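Accompanying notes for the structure given below.
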Amino acid sequence: MSVRVRFAPSPTGDPHIGSIWTALMNWLFARAKGGVFLLRIEDTDQARLIPGSSEKIIEMLKWYGLNYDEGPFYQSKRLNLYQKYADILVEKGNAYYCFCSTERLAELRKAAEANKQPSKYDRHCLSLSAEEIQKRVGGGLARRSLGEGGEKFVVRLKIPEGKTSFIDLIRGKIEFENALIDDQVLLKSDGFPTYHLANVVDDYEMKISHVIRAEEWLSSTPKHIILYQAFGWKPPEFAHLPLILGADRSKLSKRHGATGALAFRNEGYLPEAMLNFLALLGWNSGTDQEIFSREELVKAFSLEAINKAGAIFNREKLDWVNGMYLRKLSIAEFAERAKPFLADAKAENVFIEKTLATVQERVKKLSELPALTHFYFKQPEYDGALLVWKKATLEITKDRLTKLSAFYSSSEFPLDEKALEEVTKAFITKEQFETGETLWPMRVALSGEKASPSPFQIAVVLGKEETIARLQIAISKLS
Ligand code: GLU
């Protein structure tokens, strides 16, 4: 069987991290099986549509590098198709017109609630005769158009008796009692299909072999199977992905930090690190390997190995994975990726690369870079009190900085971290200073920070002149 899978998001807002996870699972499956991955935008729910979301979905797939082979297909451009198929079901007796008003349906719901029963349509319109239907749509029925004075109607699926079961590739056999399933509306009174009809018709028309989607759709699957049976079509295979949970095992939400798929880009995660991390969510490769290239992921991926228990979104692990990828970049690549985050840093490329080399080993995400490197690009602002090491006094600090500055002015200043450290430490020993009382204020003078790269690392990037200038500013803060 040739594998064809689809990513079928609804454009109802900024795509969530769960959305890209679903897309990735489909993409990996398609690539692992040499199949087709297509994009279908499910935009038939006019009330929930948010302009610009389709573009965001496409932008997301592009940033994460999940290329699709077909599409995007927009359901809103295929309305005739769904209407045609709804009519076919009515003709077969597997669906029916329903003229019930919203008021009547609301009353049914209220009554069910009062009796603590699940709300279900009572099939009031199931037994209408052909003549009555003709009359109520306004006479002379051309199936989809209302005649003069016609009433609004929807088309409902007639759920048969019995049970509906299917094998979920992640969860095994799942069975539902049909008696609990409502006669689902397939076509709304405005002629738009509901999710269920459009989804099944398109999966059939697009020859989808495997439906891989979020757990929240599991309860819709029996309706879909019944629809396939009603049409006389063979259903695809189904796999429902587990929920993504926060570290506290509750459903991942804003409370746990950014959850928008593109927010991770803005926070400075690399797409390849995100893919690596997301692929391992809820999926066990069976080895200790944590870092996988895309090719390795495709090779190792198996749908069946996905856990049915919730997948924990562990941000510390994400930071760790991202750090690993950041460290693997050449300095030129690292600088290229960092650029958007250093928009305020006006400097030559060579200088930017030098500064970035001092933090590449430590950085977890690119958005940390401005805070970690700002002092390279402009003189830092800080309180003079920070210059005084915990075991020193203001006078000692001033003395050490003054002598250090004089030493640098009069001696050579090697532009190599190790060499600069050596000459500086030799000077400290000769003068019988404490290391901390000298190097602490030197580091603060250069960075203005409590924690930063070593003073030698910074000094080498800044150069002799700027280093001495900053030592002088520090000295002036100490009187
Ligand atoms: N449009 C649904 C969604 O937004 C698709 C569910 C499915 O894949 O069947 O997730």
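The values are calculated or read from the model by the stated rules, or taken from the named source; none is laboratory data. In this text the structure is predicted, and so the values were computed from the model without any measurement. All Cβ positions, glycine included, derive from the backbone under ideal geometry; neighbour counts span all protein chains shown.
Tabulated data for the structure shown
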{"quantity": "Pair list, Cβ < 8 Å and 6+ apart or interchain, from the stretch 69-94 residues that are in contact (Cβ under 8 Å) with a residue 12 or more places away in the chain to residues that are in a helix (DSSP H, G or I) and acidic (Asp, Glu)", "calculated": "PHE73/ASP202; GLN75/ASP202; ARG78/ASP202; LEU81/GLU205"}
{"quantity": "Count - residues of the stretch 276-293 that are surrounded by fewer than 16 Cβ atoms within 10 Å (Cβ to Cβ) and either assigned to a helix (DSSP H, G or I) or not charged (D, E, K, R) (or both)", "calculated": "6"}
{"quantity": "Test: residue in the stretch 314-327 that is more than 12 Å from the chain's Cα centre (by Cα) and without any contact (Cβ under 8 Å) to a residue 12 or more places away in the chain", "calculated": "yes"}
{"quantity": "Options LEU401, LEU478, LEU420; residue that is over 29 Å from GLU348 (Cα atoms), in contact (Cβ under 8 Å) with a residue 12 or more places away in the chain and either among the acidic types (Asp, Glu) or surrounded by fewer than 23 Cβ atoms within 10 Å (Cβ to Cβ) (or both)", "calculated": "LEU478"}
{"quantity": "Residue within the stretch 68-85 that is more than 18 Å from the chain's Cα centre (by Cα), modelled with pLDDT of 95 or more, crowded, with 20+ Cβ neighbours inside 10 Å and more than 16 Å from the ligand (Cβ to nearest atom) present", "calculated": "yes"}
{"quantity": "Residues of the stretch 58-88 satisfying the condition of being over 30 Å from MET274 (Cα atoms) and not acidic (Asp, Glu)", "calculated": "SER76, LYS77, ARG78, LEU79, ASN80, LEU81, TYR82, GLN83, LYS84, TYR85, ALA86, ILE88"}
{"quantity": "Filter result (buried (at least 23 other Cβ atoms within 10 Å of the Cβ) and of a type in the set (D, E, K, R)) within the stretch 11-40", "calculated": "ARG40"}
{"quantity": "Scan of the stretch 362-410 for residues that are over 30 Å from GLY323 (Cα atoms), charged (D, E, K, R) and assigned to a helix (DSSP H, G or I), ordered by number", "calculated": "GLU395, LYS398, ASP399, ARG400, LYS403"}
{"quantity": "Count of residues meeting criterion [within 13 Å of the ligand (Cβ to nearest atom), under 19 Å from HIS196 (Cβ atoms) and polar (S, T, N, Q)] in the stretch 1-60", "calculated": "4"}
{"quantity": "Residue within the stretch 166-178 that is modelled with pLDDT of 95 or more, of a type outside the set (Asp, Glu), under 18 Å from LEU89 (Cβ atoms) and away from the ligand (no atom under 16 Å from the Cβ) present", "calculated": "yes"}
{"quantity": "Subset of the stretch 159-183 (residues that are under 29 Å from LEU105 (Cβ atoms) and either assigned to a helix (DSSP H, G or I) or in contact with a Lys or Arg (Cβ under 7 Å, 6 or more places away or on another chain) (or both))", "calculated": "GLU175, PHE176, GLU177, ASN178, ALA179, LEU180, ILE181, ASP182, ASP183"}
{"quantity": "Filtered residues of the stretch 120-138 (kept if in contact with an Asp or Glu (Cβ under 6 Å, 6 or more places away or on another chain) and under 16 Å from LEU157 (Cα atoms))", "calculated": "LYS120, TYR121"}
{"quantity": "Entirely in the stretch 184-275, the helices (runs of 4 or more DSSP H) that have 1 or more residues that are at pLDDT 95 or above, within 13 Å of the ligand (Cβ to nearest atom) and among the polar types (S, T, N, Q)", "calculated": "195-205, 221-231"}
